[in-house]
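Student: Below you'll find the structure I mean.
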């Protein structure tokens with residue numbers, strides 16, 4: 001079994017914990033301390049939110065400033081368009097921001113959410129049939145715009 005740990009740097013660990021729990025995620029107290037918080041996204045996916053100083057200890061590279069530079073976009077699927085909207089709205093209410101308008105391709109709907117540090121989370125819903133046969137085939141079969 002594979003587990004995914006996405007490491008995110010934060011300037012305000014307590015604020016980050018408040019933000020991610022407001023999204024509906026839980027913290028694993030066994031891996032949460034004054035330097036890090038383990039955010040449980042689901043049973044196999046975790047965000048390790050680390051203070052910038054602690055994060056720096058894992059790499060010799062310079063850390064980027066996520067408010068001005070994008071290093072990675074973390075995309076997380078949801079079960080419906082409504083779930084995408086709900087989680088983004090919770091994030092906005094918890095101090096996040098939405099850097100661009102929602103994208104609706106007919107078979108896929110997505111919204112971006114920046115956490116308080118500027119790390120970008122993309123929440124998306126894709127019609128199950130489009131997942132099974134691929135977006136180009138789905139677009140052709142249903143007469144919707146194909147992805148660019």
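No value in this document is a laboratory result; all are computed from the given coordinates. None of these values were measured; they are calculated from a predicted model. For neighbour counting, all protein chains shown are included, and Cβ atoms are generated from backbone atoms with ideal geometry for every residue, glycine included.
Student: Expressed as a whole number of Å, what is the distance separating the alpha-carbon centroids of the range 54-73 and the range 1-31?
Tutor: 16
Student: Right, another one. According to the square roots a ≥ b ≥ c of the eigenvalues of the Cα gyration tensor, what is the shape class of the range 34-107, taking rounded for a/c under 1.5, prolate for a/b larger than b/c otherwise, and oblate for the remainder?
Tutor: The shape class here is prolate.
Student: Have a look at 36, 75, 16 and tell me which one the Gaussian network model of the chain (Cα, springs below 10 Å) gives the largest fluctuation.
Tutor: Among 36, 75, 16, the largest mean-square fluctuation in the Gaussian network model of the chain belongs to 75.
Student: Would you mind checking the tilt of helix 13-22 against the longest principal axis of the Cα atoms of the chain, expressed as 0 to 90 degrees and rounded to 10?
Tutor: Rounded to the nearest ten degrees, it is 30.
Student: Under a GNM of the chain (C-alpha, springs under 10 Å), which listed residue has the highest mean-square fluctuation: 136, 63, 50?
Tutor: The residue with the greatest mean-square fluctuation here is 136.
Student: Then there's this: I'd like the orientation of helix 81-93 relative to the chain: the angle between its Cα long axis and the longest Cα principal axis, in ° from 0 to 90, rounded to 10.
Tutor: Helix 81-93 and the main axis of the chain meet at about 30 degrees.
Student: Per q in 0.11, 0.13, 0.16 Å⁻¹, report the Debye log10 I(q)/I(0) for the chain, using one uniform scatterer on each alpha carbon and no solvent.
Tutor: Taken in order of the listed q values, log10 I(q)/I(0) reads -0.47, -0.64, -0.90.
Student: Quick one: 12, 60, fewest Cβ neighbours within 10 Å first, how do they rank?
Tutor: Fewest-to-most ranking of 12, 60: 60, 12.
Student: At q = 0.13 Å⁻¹, what log₁₀ I(q)/I(0) does a Debye calculation on the Cα points of the range 1-59 give, no solvent, two decimals?
Tutor: -0.29
Student: Can you work out the base-10 log of I(q)/I(0) for the range 70-148 at q = 0.12, 0.24 1/Å, using the Debye formula on its C-alpha atoms alone?
Tutor: So the normalised log intensities work out to -0.36, -1.07.
Student: Can you tell which of 114, 53, 122 shows the greatest fluctuation in a Gaussian network model of the chain with Cα springs below 10 Å?
Tutor: Result: 53 has the largest fluctuation of those listed.
Student: I've got another one for you. What distance in nm separates the simple spin-label points at residue 86 and residue 14, each placed 7 Å from Cα in the Cβ direction?
Tutor: Here the answer is 3.0 nm between the modelled labels.
Student: Cut-off is 10 Å between beta-carbons; in what order do 117, 33 appear when sorted fewest neighbours first?
Tutor: Listed from fewest to most nearby Cβ atoms, that is 33, 117.
Student: Please arrange 17, 61, 67 by how many other C-beta atoms lie within 10 Å of their C-beta, fewest to most.
Tutor: 61, 67, 17
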